[in-house]
Amino acid sequence: MNPRIFRRSLQVVLVQNLRKYSKNPADNLKNLLLNMPRDTKHIQEAQKHRIRIREKGTKYIPGTVTLQVLGTGAPGSPACVYIFTDQSRYLFNCGEGTQRLAHEHKTKLARLEHIFITQTTWRHVGGLPGLSLTIQDAGVPEVTLHGPPGLEEIFRAMRRFVVLRDLKVHAIECESSLFYEDNVMRVDYVPLIPKGRPEMCESIEAPEAMNIDETDYYSHEKGANVNSERNSQESEAQANSVKQKPIRKYVVSYICKLKPRPGVLSLEKCVDRGVPPGPLLGQLKNGIDVTLPNGVLVKADEVRGPDDKGPLFI
């Protein structure tokens with residue numbers, strides 16, 4: 001087709017559509033938004049697939065764990081570290097620009113489920129809104145935030161413009177007696193709390209004259225406005241609880257220790273002890289003692305090499 005004819009045809013179509021929706025723009029725009037289909041089937045399928053992979057991966061210790069520095073903290077760049085295995089992803093700090101750096105380094109954040117924050121400042125949490133929307137569309141069912149107090153209040157303040165319908169966000173306040181552990185590593189929380197500095201401990205207080213917008217702009221997608229009053233009461237109760245809750249500002253460091261990697265399985269030793277080919281070899285490789293059909297007990301330590309102790313890093 002001639003390019004001039006194509007451009008002319010496109011202009012005619014656009015003019016016709018503009019005339020169609022120019023009679024009553026407000027009503028037409030409202031109807032367009034209400035009737036616009038939103039297909040979330042791919043998100044639900046991706047979440048189910050992610051849950052199956054996670055359940056399967058928790059039974060094994062990964063052979064390779066990679067630590068990548070996404071941002072060095074230079075001017076205009078966030079300071080963030082990314083740790084990933086075949087099944088798990090961990091991010092330390094999420095400043096503004098983290099997604100851009102991940103895209104430049106061709107690092108996939110689709111399986112990210114744990115984010116560790118050292119401080120609740122914009123330099124360390126500025127990229128959370130955009131990152132949350134990205135992993136929600138990628139099919140991540142839930143994400144856990146580890147850090148100082150105040151992370152939950154940040155997401156509560158963003159709920160009007162960061163709509164997370166298909167992503168559950170959990171916030172864990174890091175205390176010295178707590179830690180996180182899975183099949184990849186153990187992370188110990190080390191809060192660095194200053195002493196004798198009253199300005200580091202403050203309470204969130206909103207002025208009495210401040211108007212809080214409690215309008216549910218997405219009630220039409222829920223099908224009814226029955227719960228609007230209840231949601232307003234819950235929001236008011238949450239606001240009052242936040243208003244009276246003191247928040248201590250401090251820094252959290254993380255001591256991470258990878259799980260020991262299982263030693264190499266010696267097939268010669270397995271043959272000498274009469275282990276038949278099949279699933280028993282996989283159990284011995286994972287450190288599980290097995291009993292042969294003839295009743296002989298074969299211990300994993302007898303047919304494997306020494307475990308490779310995981311490194312420790314802060």
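The values are calculated or read from the model by the stated rules, or taken from the named source; none is laboratory data. Predicted model only: the values in this text are computed from it and were never measured. Heads up, the Cβs are rebuilt from the backbone with ideal geometry, glycines too, and the neighbour counts pull from every protein chain shown. Just so you know, the surface numbers come from the protein's heavy atoms only, side chains and all, with ligands and any DNA or RNA stripped out. Shrake-Rupley method; radii C 1.70, N 1.55, O 1.52, S 1.80 Å.
Kindly establish whether residue 81 is outside any loop (DSSP other than H, G, I, E, B) and open to solvent by 60 Å² or more (accessible area, probe 1.4 Å).
On the way: outside any loop (DSSP other than H, G, I, E, B): yes; open to solvent by 60 Å² or more (accessible area, probe 1.4 Å): no.
For residue 81, the condition - outside any loop (DSSP other than H, G, I, E, B) and open to solvent by 60 Å² or more (accessible area, probe 1.4 Å) - is not met.
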(message) Given the options 163, 169, 187, name the one that is at negative phi and open to solvent by less than 20 Å² (accessible area, probe 1.4 Å).
(response) 187
(message) Going through 155, 116 one at a time, which residue ends up being closer than 30 Å to residue 52 by Cβ, crowded, with 17+ Cβ neighbours inside 10 Å, in the same structural domain as residue 66 (by the TED database) and modelled with pLDDT under 85?
(response) 155
(request) Give the residue that is farthest from residue 184 (Cα to Cα), with candidates limited to residues of the stretch 274-302 that are charged (D, E, K, R) and in contact with a Leu (Cβ under 8 Å, 6 or more places away or on another chain). (result) 289
(message) Within the stretch 87-94, does at least one residue satisfy the condition of being at pLDDT 85 or above, more than 24 Å from residue 310 (Cα to Cα) and either assigned to a loop (DSSP other than H, G, I, E, B) or not assigned by the TED database to the domain that holds residue 46 (or both)?
(response) yes
(request) Could you tell me which numbered condition residue 99 fails, if it satisfies all but one of (1) under 30 Å from residue 262 (Cα atoms); (2) open to solvent by 50 Å² or more (accessible area, probe 1.4 Å); (3) at pLDDT 85 or above? (result) (1)
